[in-house]
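The values are calculated or read from the model by the stated rules, or taken from the named source; none is laboratory data. Just so you know, these numbers come straight off a predicted model, no measurement behind them. Every residue, glycine as well, gets a Cβ built from its backbone with ideal geometry; the counts of neighbours run over all protein chains shown.
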Amino acid sequence: MSTARSLLDLQETDQQLAMCRRAYRQLKEELEAEGGVPDLTSRLERAHHRQLELKVEAARTESEAATLGERVKQLEERLYSGAITNVRELTAIETEHNSARRELARVDEAIGPAKVAAEEAESEHERLKAELESRKSEWTQRRKELNQERSRVSAEYKKVGAVRESATAGIPAPDLETYNALLPRMNGLAVVRVDRGVCQGCRVRLPIGEISRMQSATGLVNCSSCGRILLTE
Ligand SMILES: [Zn+2]
């Protein structure tokens with residue numbers, strides 16, 4: 001078997017190894033993301049915090065309205081008690097009463113939206129809590145599958161690695177070196193066939209002279225266009 005032919009076989013093995021590495025990397029990334037559980041947990045914490053804040057805000061608004069209502073009532077009692085006869089004092093109380101009523105109206109209007117916001121935050125919190133629970137149980141199952149798959153890919157990688165080891169045995173060291181250097185630069189395609197005078201790596205038609213040189217050559221021949229190792233049948 002020619003060296004180029006052996007290198008083509010080796011390249012197939014290397015492609016399998018690259019696939020294993022890619023699969024392993026993807027599994028590792030998915031395992032590290034933990035099915036989005038940590039993200040969802042911090043979202044839930046934020047939602048819980050927000051829910052509490054809005055609950056406090058709604059309660060504060062209600063109590064402010066109660067205080068203002070009380071104040072308005074007191075001022076009204078004084079205004080209409082008939083006990084105050086001083087015009088200046090009456091005018092002052094009236095002004096304060098008006099302003100307290102305006103303030104009360106403003107706060108009363110804020111109660112509804114504050115309650116709605118608190119309720120919405122609460123249901124968002126509940127929704128996230130339920131989502132996290134189901135996400136966690138999904139992840140438990142998925143993690144099991146991923147770990148199994150990772151073990152399988154690791155074993156496969158070891159097996160193919162051993163195949164590679166024996167596949168390199170008959171290849172002259174300098175040729176192997178050329179191939180190893182070319183492989184990453186050529187995106188995993190260092191050895192290509194020549195089909196009807198065309199390099200299958202770069203699709204460039206080889207000069208006639210080069211093909212006959214290749215057929216009589218004892219060592220490796222590289223494509224004059226892309227530099228890949230060429231293999232003719
Ligand atoms: Zn080429």
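Which residue, of Ala155, Ala173, Ala217, is under 19 Å from Leu10 (Cβ atoms), hydrophobic (A, V, I, L, M, F, W, C) and away from the ligand (no atom under 11 Å from the Cβ)? Let's see the steps before the verdict.
Details: Ala155 fails: under 19 Å from Leu10 (Cβ atoms); Ala217 fails: under 19 Å from Leu10 (Cβ atoms).
Going through Ala155, Ala173, Ala217 in turn, the sole match is Ala173.
Any chance region 182-194 includes a residue that's small (Gly, Ala, Ser) and over 41 Å from the mean Cα position of the chain (by Cα)? Give the derivation first.
Our first condition is that a residue be small (Gly, Ala, Ser); within region 182-194, this holds for 188, 190.
Still in the running and over 41 Å from the mean Cα position of the chain (by Cα): none.
No, there is no match, as no residue in region 182-194 is small (Gly, Ala, Ser) and over 41 Å from the mean Cα position of the chain (by Cα).
Against the definition (surrounded by 12 or more Cβ atoms within 10 Å (Cβ to Cβ) and modelled with pLDDT of 95 or more), how does Glu145 come out, yes or no?
On the way: surrounded by 12 or more Cβ atoms within 10 Å (Cβ to Cβ): no; modelled with pLDDT of 95 or more: yes.
No, not satisfied.
Which is exposed (fewer than 11 other Cβ atoms within 10 Å of the Cβ) and part of a helix (DSSP H, G or I), of Glu96, Glu165, Glu131, Glu138? Write out each step before concluding.
On the way: Glu96 fails: exposed (fewer than 11 other Cβ atoms within 10 Å of the Cβ); Glu131 fails: exposed (fewer than 11 other Cβ atoms within 10 Å of the Cβ); Glu138 fails: exposed (fewer than 11 other Cβ atoms within 10 Å of the Cβ).
Going through Glu96, Glu165, Glu131, Glu138 in turn, the sole match is Glu165.
May I ask you to list the residues in region 197-207 that are in contact with a strand residue (DSSP E or B) (Cβ under 9 Å, 6 or more places away or on another chain) and away from the ligand (no atom under 11 Å from the Cβ)? Working first, answer last.
Initial filter on region 197-207 (in contact with a strand residue (DSSP E or B) (Cβ under 9 Å, 6 or more places away or on another chain)): 197-202, 204-206.
Across region 197-207, the qualifying residue is only Gly197.
I need every pair where a residue in region 92-109 that is touching a residue at least 40 places away in the same chain (Cβ under 8 Å) has its Cβ under 7 Å from the Cβ of a residue that is not β-branched (Val, Ile, Thr), sequence separation at least 6 or different chains.
Val107/Glu64; Val107/Ala65; Val107/Leu68; Asp108/Ala65
Taking Val191 as meeting all but one of (1) touching a helix residue (DSSP H, G or I) at 6+ places or on another chain (Cβ under 7 Å); (2) more than 17 Å from Thr13 (Cα to Cα); (3) within 16 Å of the ligand (Cβ to nearest atom), write down the number of the exception.
It is condition (2) that Val191 fails.
So how many residues does region 106-136 have that are among the small types (Gly, Ala, Ser) and over 13 Å from Arg50 (Cα atoms)?
4
If we scan region 24-43, do we find a residue that is among the aromatic types (Phe, Trp, Tyr), farther than 30 Å from Asn147 by Cα and either touching a residue at least 40 places away in the same chain (Cβ under 8 Å) or part of a helix (DSSP H, G or I) (or both)? First the steps, then the outcome.
Residues of region 24-43 that are among the aromatic types (Phe, Trp, Tyr), as a first pass: 24.
Add one more test, that the residue is farther than 30 Å from Asn147 by Cα, and what stays is none.
Among the residues of region 24-43, not one is among the aromatic types (Phe, Trp, Tyr), farther than 30 Å from Asn147 by Cα and either touching a residue at least 40 places away in the same chain (Cβ under 8 Å) or part of a helix (DSSP H, G or I) (or both), which makes the answer no.
Tell me which residues, restricted to region 186-202, are free of Cβ contacts under 8 Å to residues at least 12 places away in the same chain and surrounded by 11 or more Cβ atoms within 10 Å (Cβ to Cβ).
Within region 186-202, the first condition is being free of Cβ contacts under 8 Å to residues at least 12 places away in the same chain, and the residues that meet it are 187, 195-196, 198, 200.
Passing the criteria: Asp195, Val198, Gln200.
Residues checked against (1) surrounded by 13 or more Cβ atoms within 10 Å (Cβ to Cβ); (2) over 29 Å from the mean Cα position of the chain (by Cα); (3) closer than 30 Å to Ala162 by Cβ:
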position: Gln11; (1), (2), (3): yes, yes, yes
position: Arg21; (1), (2), (3): no, no, yes
position: Gln26; (1), (2), (3): yes, no, yes
position: Glu30; (1), (2), (3): yes, no, yes
position: Gly35; (1), (2), (3): yes, no, no
position: Thr41; (1), (2), (3): yes, no, no
position: His49; (1), (2), (3): no, no, no
position: Glu62; (1), (2), (3): yes, yes, no
position: Ala65; (1), (2), (3): yes, yes, no
